[in-house]
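Step one of this worksheet: look at the structure below.
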Amino acid sequence: MAAVKRRYSKKEFARRGDAVYDGKVRPHLTPKDNGKFVALDIETGEYEIHKSELTAGDRPRKRLPSAQIWMVRVGSRFLHRFGRGLS
C-alpha cells in the first residue's frame, strides 16, 4: 500500500481530527468502547472503531485509499504511552 501524502499542516490535521471525533464519534461511544482505537478520515468523517489499531486503520483505508486518517484511543489522551505509568 502506497503512503498517503498529508494535505494539511499538523495543526490543521489535529484540529480537524479532534472536531470530527468530538462532533461525530464521541456521542456514539459507550463504556464498552473504552480502550479501543478510532480511525477517522478528517475529510469525510467516516470512521471505524476496533480493539486493534491496525484493523481500525485498515478498514477506512480500504474504502478511501487517499483518506487522511486521524487515530484516537477511546478514553485516553494518548494513542500510545511510553515509559513508566503513574503509580
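The C-alpha radius of gyration of the chain, expressed as a fraction of 2.2 N^0.38 Å, stands at 1.10.
Mean separation of Cα pairs under 8 Å and 6+ residues apart, divided by the residue count of the chain: what relative contact order is that in percent? RCO, the chain: 28 percent. Accessible surface ranking for 79, 40, 1.4 angstrom probe, highest first: 79, 40.
Helix 53-63 and the longest principal axis of the C-alpha atoms of the chain enclose an angle of approximately 20°. Accessible surface area normalised per residue over the stretch 1-69 is 66 Å², counting heavy atoms of protein chains with a 1.4 Å rolling probe.
Heavy-atom surface analysis with a 1.4 Å probe gives the chain a carbon and sulfur content of 53 percent of its accessible area.
If the chain between residue 51 and residue 8 were fully stretched, how many nm would it gain, using 0.36 nm times the residue separation less the Cα-Cα distance? Working it through step by step, the gained length comes to 12.7 nm. For the chain, the list of chymotrypsin sites (Phe, Trp or Tyr not before Pro) that fall in a loop by DSSP and count at most 11 other C-beta atoms within 10 angstrom reads 78, 82. Inter-label distance, residue 19 to residue 34: 3.0 nm, where each label sits 7 Å from its Cα along the C-beta direction.
Taking 0.36 nm per residue of sequence separation and removing the Cα-Cα distance, the residue 58/residue 82 pair yields an extension gain of 6.3 nm.
The values are calculated or read from the model by the stated rules, or taken from the named source; none is laboratory data. Remember, it's a predicted structure, so these values are computed and weren't measured experimentally. In this analysis, Cβ positions are derived from the backbone assuming ideal geometry, glycine residues included, and neighbour counts consider all displayed protein chains. Heavy atoms of the whole protein, side chains included, go into the accessibility calculation; ligands, DNA and RNA do not. Shrake-Rupley method; radii C 1.70, N 1.55, O 1.52, S 1.80 Å.
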